């Protein structure tokens, strides 16, 4: 029987990450990261590693505790809730790709411990934070390659997502084309991250409209505002079981459906948050912007809604 409720240990894990990240001043780390200053972000990275986040995708025989996709989702919801910067999705994806026997496995212990930050991308795509990552993996048609370097940094819609082209060539780690497995893990982690972003945006907006007044009453008492917030809550709550269900099956179609639902819900919540905050929501100095831009960027990271829907439709056409 499929379970959609977290057990006591999973809830405690989420609560501990939430408490740790709430005390870490992530907005300051995000803004530093956007400027290319990785010092605060690396401190935060080490704390996540100490909590076991990066070990979740690494098998036990390589100093990890996984692979545990469900626990990874639990963690990434919290990472999204606090808009943690850095290639967190890419590092767990890299760990999942390096489990095949061969030279690639030498990289797993340092990924599990958090000593090494990794990024991974298709050969013809931009990689996230190639300037910060020590391990850069390129999913080329002939297999998985260790890229020797990266090109200049290009900013995305989310300034904290620093994009680079990976230098072609480099050591061939495995001849098995890894893109399908990379997409499954990366899309699942991105979906969980987007769900957390949406939940944070909703919580911040509910708090704001409860404090802001017009005509002597809280803005949150207006029927139109209530309806928009209710729609956002429903979309996020419908996305939640899809994300956790996809972690149980690890089916590419289930993961793609979860990514569409979670990213679309987060994006819709971001639009509601921006409308509800008014002019201050457009201000880059206001912390809400850190979540708004991330919701928009995650929507197309590791597959646009159209690409993910095509995976779902294709799976539905198969004879069972």
**Fill in**
Helix 8-22: inclination vs the chain longest Cα principal axis, degrees, rounded to 10, gives 70
**Message:** I want to verify a result. In a Gaussian network model of the chain, Cα cutoff 10 Å, which of these has the top mean-square fluctuation: 77, 53, 65?
**Reply:** 65
**Prompt:** Helix 88-97 versus the longest principal axis of the chain: what angle, 0 to 90°, nearest 10, using Cα atoms?
**Reply:** 30
**Message:** Applying a 10 Å radius around every beta-carbon, put 160-167, 119-126 in order of their mean neighbour count, most first.
**Reply:** 160-167, 119-126
**Request:** May I ask for the distance between the Cα centers of region 68-98 and region 147-217, given as a whole number of Å?
**Result:** 10
**Asked** How large is the helix-only mean residue ellipticity at 222 nm for the chain, computed as the sum of -39500 (n - 2.57) over DSSP H runs with n ≥ 4, divided by its residue count, in deg cm²/dmol to the nearest 500?
**Response** -18000 deg cm²/dmol
**Prompt:** Which order, highest average first, do 94-100, 148-154 follow once you tally other Cβ atoms within 10 Å for each residue and take the mean per peptide?
**Reply:** 94-100, 148-154
**Request:** Along Cα→Cβ, 7 Å out, is where each label goes; now give me the distance between the ones at residue 249 and residue 131 in nm to one decimal.
**Result:** 4.1
**Request:** State whether the chain is rounded, prolate or oblate according to the following rule on the C-alpha gyration tensor (a ≥ b ≥ c being the square roots of its eigenvalues): a/c under 1.5 gives rounded; otherwise a/b larger than b/c gives prolate, and the remaining case gives oblate.
**Result:** prolate
**Prompt:** Between residue 19 and residue 280, what is the spin-label point distance in nm, taking each point 7 Å from the Cα along the Cα→C-beta axis?
**Reply:** 3.0
**Prompt:** Spin-label point model (7 Å from Cα, Cβ direction): what's the residue 60 to residue 217 distance in nm?
**Reply:** 5.9
**Prompt:** Using a ≥ b ≥ c from the Cα gyration tensor of region 212-315 (square roots of the eigenvalues), is it rounded, prolate or oblate, where a/c under 1.5 gives rounded and otherwise the larger of a/b and b/c decides, a/b for prolate?
**Reply:** prolate
**Fill in**
Note: residue 313 to residue 39 extended length (0.36 nm per residue) minus current alpha-carbon separation gives 94.3 nm
**Cα shape, region 132-254, gyration tensor, a/c 1.5 rule** = oblate
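The numbers here are math on the coordinates, done by the rules we state, and not lab data. On a predicted model such as this, the values are computed, not experimentally measured, just so you know. Glycine also receives a Cβ, built like all others from the backbone with ideal geometry; neighbour counts cover every protein chain displayed.
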